[in-house]
Amino acid sequence: MENNDKWIIQIRKGVFEVAILSLLKSEAMYGYEITSELNKIPLFQLPNGSIYPILRRITKNNWATTYWEDSQDGPKRKYYKITEEGIKIVENRMLDYKHVYESLNSLQNRGRTGPDG
């Protein structure tokens with residue numbers, strides 16, 4: 001699979017919000033921390049700074065709130081915390097993705113009786 005495949009680029013755009021909200025379900029995180037976690041999964045690798053427009057959209061939609069906290073390593077950090085609405089969004093979208101996957105899988109396996117089709 002090519003990294004510049006337009007189809008996979010569109011899929012990635014569609015799932016970044018869900019991926020970020022999924023991370024925030026477990027704990028509040030700051031931007032660089034979120035990017036570092038996402039970068040552990042090849043599909044979600046982002047250049048530094050690219051996450052902030054997505055985080056702005058998430059907070060604008062009231063799916064997360066922000067707060068500042070002192071850092072022992074330097075300046076204050078802006079943390080993102082998921083809201084109840086954000087939890088509902090991520091849970092609903094995960095169900096939607098599951099249904100899409102199951103539907104595509106059903107179409108792909110349609111009429112197959114064995115490994116040779």
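When the stretch 1-32 is filtered for residues that are of a type in the set (D, E, K, R) and either open to solvent by less than 30 Å² (accessible area, probe 1.4 Å) or modelled with pLDDT of 95 or more (or both), the ones remaining, listed by number, are GLU17, LYS25, GLU27.
I'd like to check something: does the stretch 88-104 contain any residue that is of a type in the set (Val, Ile, Thr), in contact with a Leu (Cβ under 7 Å, 6 or more places away or on another chain), at pLDDT 90 or above and not in a helix (DSSP H, G or I)? No, that holds for no residue. For the stretch 55-76, the set of residues classified as open to solvent by less than 40 Å² (accessible area, probe 1.4 Å) and modelled with pLDDT of 95 or more consists of LEU55, ILE58, TRP63, ALA64, listed by residue number. Among the residues of the stretch 47-87, those that are touching a Phe, Trp or Tyr at 6+ places or on another chain (Cβ under 9 Å) and more than 15 Å from GLY31 (Cα to Cα) comprise THR83, GLU85, GLY86, ILE87.
Regarding ILE51, is this residue open to solvent by less than 50 Å² (accessible area, probe 1.4 Å) and at pLDDT 95 or above? So ILE51 fails the test. Within the set ARG12, ARG56, ARG77, the sole residue that is assigned to a helix (DSSP H, G or I), among the basic types (Lys, Arg) and more than 12 Å from the chain's Cα centre (by Cα) turns out to be ARG56. Give the residue, chosen from TYR79, TYR97, that is surrounded by 10 or more Cβ atoms within 10 Å (Cβ to Cβ) and more than 15 Å from SER22 (Cβ to Cβ). It is TYR79.
The values are calculated or read from the model by the stated rules, or taken from the named source; none is laboratory data. Because the structure is predicted, anything quoted here is derived from the model rather than measured. As a convention, Cβ positions derive from the backbone with ideal geometry for all residues, glycine included, and neighbour counts pool all protein chains shown. Accessible surface is based on the protein model in full, side chains and every heavy atom, while ligands, DNA and RNA are left aside. Shrake-Rupley method; radii C 1.70, N 1.55, O 1.52, S 1.80 Å.
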